[in-house]
1. Out of the residues in the stretch 129-153 that are among the charged types (D, E, K, R) and in contact with a Lys or Arg (Cβ under 9 Å, 6 or more places away or on another chain), which is nearest to A103 (Cα to Cα)?
2. Just one of R17, R36 is open to solvent by 60 Å² or more (accessible area, probe 1.4 Å) and in contact with a Leu (Cβ under 8 Å, 6 or more places away or on another chain); which is it?
3. For the stretch 128-149, state whether one or more residues are touching a Gly at 6+ places or on another chain (Cβ under 7 Å) and farther than 19 Å from P50 by Cα.
4. Looking only at the stretch 93-137, count every residue that is closer than 20 Å to A173 by Cα, of a type outside the set (A, V, I, L, M) and open to solvent by 40 Å² or more (accessible area, probe 1.4 Å) and tell me the total.
5. Can you tell me which residues in the stretch 138-166 are of a type in the set (F, W, Y) and open to solvent by less than 10 Å² (accessible area, probe 1.4 Å)?
Amino acid sequence: MTTEQLYKELNYVNHSREKRLFYANLMQDNPELVPRLLDILFRVDDKISPRAAWVFEFMCNHNIETIVPYLDVFTEKMHKVKIESAVRPVAKICEFLAAAYNAKTDNLIKTNLTQTHIERIIETCFDYMINDVKVAPKAYSMTTLFMFGNSMDWVHPELARILQDDFSKQSAAYKARARHILKKIKRKQM
């Protein structure tokens, strides 16, 4: 399947779990299609970009280790994604990566996620926190930053400052997640 054929196929992807799962399985069964999917995802002004992001998120949710060959490309370009419905899955993938990196058991993310990758993820998540994006990417970013802050001592104080500064201006969902993260940061400092 060429990139353009995949592009046409992505027209059939919608918010239904069934469709996203179908195409995520297609990617896992045909890993040679993943670079094409990423090419479409990073066409940041294209209305099909979010559909590629949804599929990539589902693929990573099923098995985060499938992202390993694409960590360079993903972390290099993720900050360029700007269509709101594509930002959410990108932020969620960052959370998956942080969770795998902080897991108690060994995995391919721990051995392949470099300091450069982590720094790019942290930078993008802080951008989501301070810019005008919806609550979901901010919530995923809070969690991602908290987890990476366990090994990078400057992250927690900066995250706490942003959460406290923005608290009164945000939605109930944001406040609930922020309270949870702030409590965890305080416990770490004790």
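1. K138
2. Result: R36 is the single residue among R17, R36 that is open to solvent by 60 Å² or more (accessible area, probe 1.4 Å) and in contact with a Leu (Cβ under 8 Å, 6 or more places away or on another chain).
3. Within the stretch 128-149, none of the residues are touching a Gly at 6+ places or on another chain (Cβ under 7 Å) and farther than 19 Å from P50 by Cα.
4. 4
5. F148
The values are calculated or read from the model by the stated rules, or taken from the named source; none is laboratory data. Predicted model only: the values in this text are computed from it and were never measured. Glycine gets a Cβ as well: all are built from the backbone with ideal geometry, and neighbour counts include every protein chain shown. SASA here: full protein model, heavy atoms, side chains in, ligands and nucleic acids out. Shrake-Rupley method; radii C 1.70, N 1.55, O 1.52, S 1.80 Å.
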